[in-house]
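Throughout, read-outs are computed from the coordinates displayed, never taken from laboratory work. Nothing here was measured: the structure is a model prediction, and the numbers come from that model. Cβ placement follows ideal geometry from the backbone for every residue including glycine, while neighbour counts extend to all protein chains displayed.
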Amino acid sequence: MLYHSTRGLDGSRSFSEVLHSGLAEDGGLFVPETVPTLNRETIDKWKHYSYEELAVEIISLFSGDCFSRSELTDIVYQSYSGFQHEIKSPLTKLEENHFLLELFHGPTLAFKDFAMQVIAKMFARTLQKKNLKINIVTATSGDTGSAAVEAFKNVSNVNLYVLYPHERISQIQRMQMTTANATNIKVFAVQGTFDDCQSIVKRLFADKELVSDVNLSGVNSINWARILIQTVYYFSAFYQMKFVSGEKVSFCVPTGNFGDAYAGYLAKKMGLPINKIIVATNENDILDRVFKTGSYKSDQVSQTLSPSMDIQVASNFERLLFDLLNKDPKKVCELMNELAKKGGFNVDKKIIKQILKDFDSGAVTDKDTVTTIDQFYHSREVILCPHSAIGVRVAQDFVNAGETVISLGTAHPAKFKDTVESALNISIPIPLPLKDLIKKNENVKVISPDEGLVAEEIRNSKFTSY
Ligand SMILES: *Cc1c(COP(=O)(O)O)cnc(C)c1O
């Protein structure tokens, strides 16, 4: 399986090259040359597979000769051994025709663990084989950073640099990153928004000399491997529905960067019987607006109760555009140049019509987020995190219209303890690993949004020879 950039200048890359580089050299995102489609028989055959077996099947369709079957099996089993639930992504019923896919049983209690655990083990193996060292830089709205710190701490051959927006994430999210106490990890609090962090990362990647001098790599959802690994839980969820035949389900996905939603779309393209991917946003509703009006225009980032989705540049949307523009990189470049110059672009009506065959969308205010948390606690004794509540709220409109919907539960409510406790007026139980955090020392450097400062740290890091 070979990969090409959405902007056309970086092509014919192997899975391991795509894994290591994160962003393509031309600034685009890597996509596979073709998406393998599964026939009915295969989809049927997999229905009794464990989570790990599904992961091995799906990842091996895309990873070429990067790993042998037994290596991939080792990676997958090790990655999910620390999850606190046997099914890994269990499905629970919320109301008639509405289910919650619990993606928060991993070590840092958010869905990011699903891909990050696997990626870290993939990096460890491939780097060791090639005797390479690598510097990973990642921007985070809170959960990617904590998942990455947990997955990469003490992985030899890797230094990890995490950038999060100063004072815009929850205390627990921050402490999961700043208390790691590992020599290969450095955490920066950037005085700005998530978009500022993400644009620092993009500018670092644009510095070709730096990229090659220090082997710079990224693990944001611009990294193809993350998207791929996240498709597995869509399959797992579908099989847990135990449909008899021919039934379809929609997934409602709380999203900001369009990563998780794109993973669902990929599962659909592979042949999983999905009706719609319903995109749910908070007040940072660029995706809901583009689906409804065709105008993709980034606004100021508003700070909401769902900080992991406080994003105005939905990077993975470029992958969808590439697909719908008949894989024409020139057209993608035109739109991306317009975005860079004018802060937005318009998507053709025909393309929006095409998008709406696979997607729907909705946006939720903070007030409705709180109401939804309250409603499901009082009617069902389910405690939702604010992000999951956004998905559940948007899904309700579709459930009421007769669809069967699985909403993605993207994080454990305890990660957003203050918001959830003030919505419910109760104190919520804190899982053990989070209780221990509070006692630890924090290690973080506050910086202005200047990529030069980060580049200098990377160059001065203890990895002197590559
Ligand atoms: C990262 C995150 C999201 C948004 O994920 P995307 O990659 O933007 O699709 C939603 N909820 C939680 C809890 C997250 O950590």
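Worth pointing out:
- Taking a ≥ b ≥ c as the square roots of the Cα gyration tensor eigenvalues, the chain comes out rounded, since a/c falls below 1.5.
- Taking all pairs of distinct alpha-carbon atoms in segment 127-171, Kirkwood radius in angstrom: 11.5 Å
- Selected from 90, 378, 420, residue furthest toward positive end of dipole (the chain; charges at beta carbon): 90
- Whole-Hz couplings from phi, Karplus 6.51/-1.76/1.60, listed for segment 210-221; x for Gly and Pro: 4, 3, 7, 4, 10, 6, 7, 9, x, 10, 5, 6
- Ranked by the mean number of other Cβ atoms within 10 Å per residue, highest first, peptides 120-130, 384-394, 99-109 order as 384-394, 99-109, 120-130.
- Counting only Cβ charges, +1 for Lys and Arg and -1 for Asp and Glu, the dipole size of segment 90-222 around its Cα centre is about 620 debye.
- Computed about the Cα centre, the dipole magnitude for segment 82-128 is approximately 360 debye when only Lys and Arg (+1) and Asp and Glu (-1) carry charge, each at its Cβ.
- For peptides 286-295, 265-274, sequence by mean Cβ density within 10 Å, most packed first: 265-274, 286-295
- Ellipsoid fit via the Cα gyration tensor, segment 94-245: semi-axes of 29, 19, 15 Å, each the root of five times an eigenvalue, largest first.
- Ordered by the count of other Cβ atoms within 10 Å of each Cβ, fewest first, 35, 137, 249 give 35, 249, 137.
- Amide H contacts of residue 359: 277, each under 5 Å away and 5 or more positions distant or on a separate chain (H built 1.01 Å from N in the peptide plane; Pro and chain starts excluded).
- Distant-in-sequence amide H partners of residue 184 (H built 1.01 Å from N, under 5 Å): 154
- Exposure proxy order (Cβ contacts within 10 Å, fewest to most) of 202, 341: 341, 202
- From helices alone, the chain scores -14000 deg cm²/dmol at 222 nm; the rule is -39500 (n - 2.57) for each run of n ≥ 4 DSSP H residues, then divide by the residue total.
- Evaluated with a Cβ-only charge set (Lys, Arg +1; Asp, Glu -1), the chain carries a dipole of roughly 560 debye about its Cα centre, given to the nearest 20.
- Inter-part distance, segment 387-431 to segment 198-269, computed on C-alpha centroids, equals 21 Å.
- Note on the chain: dipole from Cβ charges, positive end direction compared against 284, 300, 352; the farthest Cα belongs to 352.
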